[in-house]
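Accompanying notes for the structure given below.
Here, each number is a calculation from the coordinates, and none is a lab measurement. The model shown is predicted, which means the values in this text are computed figures rather than measured ones. Don't worry about glycine lacking a Cβ; one is built from the backbone with ideal geometry, like all the others, and counts go over all protein chains shown.
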Amino acid sequence: MEKIVHLHIEKLPEGMYLATSEEVQGLIAQGRTIQETLEIARDVAKKLIEARQERAETSPLSPAGDALDYPLIVNA
């Protein structure tokens, strides 16, 4: 089942991007681009969520619905 994880992404002074989440404890991802950071964050979130499920912990995450808002970043 797909879940929605809200991320906070910030650009670091070194030019890298850092993603964290208040919803998934321990989720930290860093990449050279926003896209790379999102891909890493997705993999980390999946592993952390699976580990929680193995320990039979409940997930505070909402299931992904048929519609959602998504900020589109355009370099123009």
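General remarks:
- If the condition is being surrounded by fewer than 14 Cβ atoms within 10 Å (Cβ to Cβ) and touching a residue at least 60 places away in the same chain (Cβ under 8 Å), then region 1-49 contributes M1, E2, I4.
- Region 1-39: number of residues that are in contact with a strand residue (DSSP E or B) (Cβ under 8 Å, 6 or more places away or on another chain), among the aliphatic types (A, V, I, L, M) and over 18 Å from I73 (Cβ atoms): 4
- Residues that are over 9 Å from the mean Cα position of the chain (by Cα) and β-branched (V, I, T) within region 13-48 comprise T33, I34, listed in sequence order.
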